[in-house]
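First up is the structure itself, then whatever we jot down about it.
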Amino acid sequence: MSDYPLSDFTLQAERSLGKLGLNDSLSLYLHIPFCRSKCHYCGFYSRRCPSAEALGEYLDVLSAQIEAVNRLWERPFSTVYIGGGNPGLIDGDALYRLSRLCCANGRPVEFSMECNPEDMDTHIEPSLEFINRLSVGVQSLNPAALEFLGRNATLRDTVRGMETAAEYRERYGTALNFDLITCVPGFENASESDIRSVCADFNPDHLSLYSLTLEEGTVLGSRLEAGLLAPLADDVQADILLRQWKLLGELGYAHYEVSNFAHEGSMCMHNLRYWHIEPWIGLGAGASSTLDEPYRRIECAPDFRDFCGLRPFRTYTTQTLDRKQQLEEWVMMGLRTADGLGSEECRRRFGFRLPDDLAFRGYRMLNGFFRPDEEGLLLADAAAVYTVGRLEALL
Ligand code: SF4
């Protein structure tokens, strides 16, 4: 594999990576687009895994691409994240090889892997030599809600997966995240009791709490279109979120992004890099990369057959973002975080400081940062529209 050919992607990556200084950092994201079945709310690129052979072929291509990037970067990645889909479907030996390859230039400070609870099993254990953070897609502890959401895991599978992950934390110090879904129509009160029991029984280092979205093209989206399902009203959702965010605060979690909560020192460094627009390379069907200087977005087509079948890296396309697009992205991502937008960083990125009179419901300028309170985080998207409108004129 050492003579794996260069192509547009690697040339683009080489140019961009070459511009990063020795003190700069780069993260790696790997997308595994396979699941056992499709959840009713899922709008991600993921599909049923056709066969063990197909998964093996996909991992071979992915590994060759990691090797190519390893050769270009020649340093440890700052963070690594294997996401999906459900990376828990990868067998133990293949997962070990993949994890080791991601560390070929040295260990990242954080190495996360997502896994559905029904696949949180002993095959993962050897790879915990490299992986130091597990993210388990719990979603709900209510059997009827799990069914409504179309989850593959039963409540029993879910609890067993959480217990296994907690054992690994005990044995290896692996940090633990649980994903939960809230604002599910018909189960408005379920997620509050989920939060209470998850925290009482497992005390995870990190929790992601996502509001259910009813997306077009999903089973729930079709039910909505057919009039068989009504979304929760905005004010009902806002009440639920504010109540649950408060509860998580009382349980000792810092609310550091709209949907993310962490004990001290346990924020997800990889995701923080997305929100702060730090460079990362995403490999795999449906993955995207963001590389700085000039600001490039590289997308890999969401088609695993093309990914495996076409010539190396041919399914990646590159777009250079203009300054307005960069500003929009920086504002949109930054306003989702408790850190907000920094005036000094705005000057470094765009050549001007944030105006002192920036103000929006729940957001205000304080000590050089435009930051939200809890109410502000409910309105992050609207605040972004306002802020982009104000800053565009200064570009
Ligand atoms: S497990 Fe995750 S990626 Fe797979 S179908 Fe469900 S929500 Fe989508």
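What follows draws every value from the coordinates through simple rules; no lab data is involved. Because the structure is predicted, anything quoted here is derived from the model rather than measured. Quick reminder, even Gly has a Cβ in these numbers, built from the backbone with ideal geometry, and neighbours come from all protein chains shown.
A few points about this structure:
- Taking amide H positions as modeled 1.01 Å from N, with prolines and chain starts lacking one, the residues under 5 Å from LEU283 and 5 or more places away or on another chain are TYR29, LEU30, HIS31.
- Remark: relative contact order (the chain) = 16 percent; criterion is Cα-Cα distance under 8 angstrom and separation of 6 or more residues.
- The chain: DSSP helices with Cα axial extent of at least 20 Å and average Kyte-Doolittle hydropathy no lower than -0.5: 52-73, 234-250
- Its DSSP H runs of at least 4 residues, each contributing -39,500 (n - 2.57), put the calculated 222 nm mean residue ellipticity of the chain at -12000 deg cm²/dmol, to the nearest 500.
- Restricting region 208-267 to GluC sites (Glu not before Pro) that sit in a DSSP loop and have at most 12 other Cβ atoms within 10 Å of their own Cβ leaves GLU216, GLU264.
- Three-way shape call for region 323-395 based on the alpha-carbon gyration tensor, with the a/c threshold at 1.5: prolate
- Once backbone amide H atoms are built at 1.01 Å from N, SER211 has THR182 as its partners under 5 Å, excluding neighbours fewer than 5 places away on the same chain.
- Of all DSSP-defined beta bridges confined to the chain, some 45% are antiparallel rather than parallel.
- Charged-residue dipole, Cβ positions (Lys, Arg, Asp, Glu), region 323-395 about Cα centre, Debye nearest 20: 300
- Applying the criteria of a DSSP loop state and at most 14 other Cβ atoms within 10 Å to the chymotrypsin sites (Phe, Trp or Tyr not before Pro) of region 295-377 yields PHE352.
- With Cα atoms defining each centre, region 188-265 and region 283-338 are spaced 28 Å apart in the structure.
- Cysteines, the chain, no other Cys beta-carbon under 4.7 Å: CYS35, CYS49, CYS102, CYS103, CYS115, CYS183, CYS199, CYS268, CYS300, CYS308, CYS346
- Positive dipole terminus of the chain, leading residue within MET333, SER193, LEU141 (C-beta point charges): MET333
- For region 323-395: relative contact order, % (alpha-carbon pairs under 8 angstrom, 6 or more apart): 37
- The chain - Debye-derived log10 I(q)/I(0), Cα point model, q = 0.09 Å⁻¹: -0.56
- The alpha carbon gyration tensor of region 205-310 gives principal lengths a ≥ b ≥ c with a/c of 1.5 or higher and a/b no greater than b/c, which makes the shape oblate.
- Tensor-based shape of region 243-395 (alpha-carbon gyration tensor, a/c under 1.5 rounded, otherwise prolate or oblate): oblate
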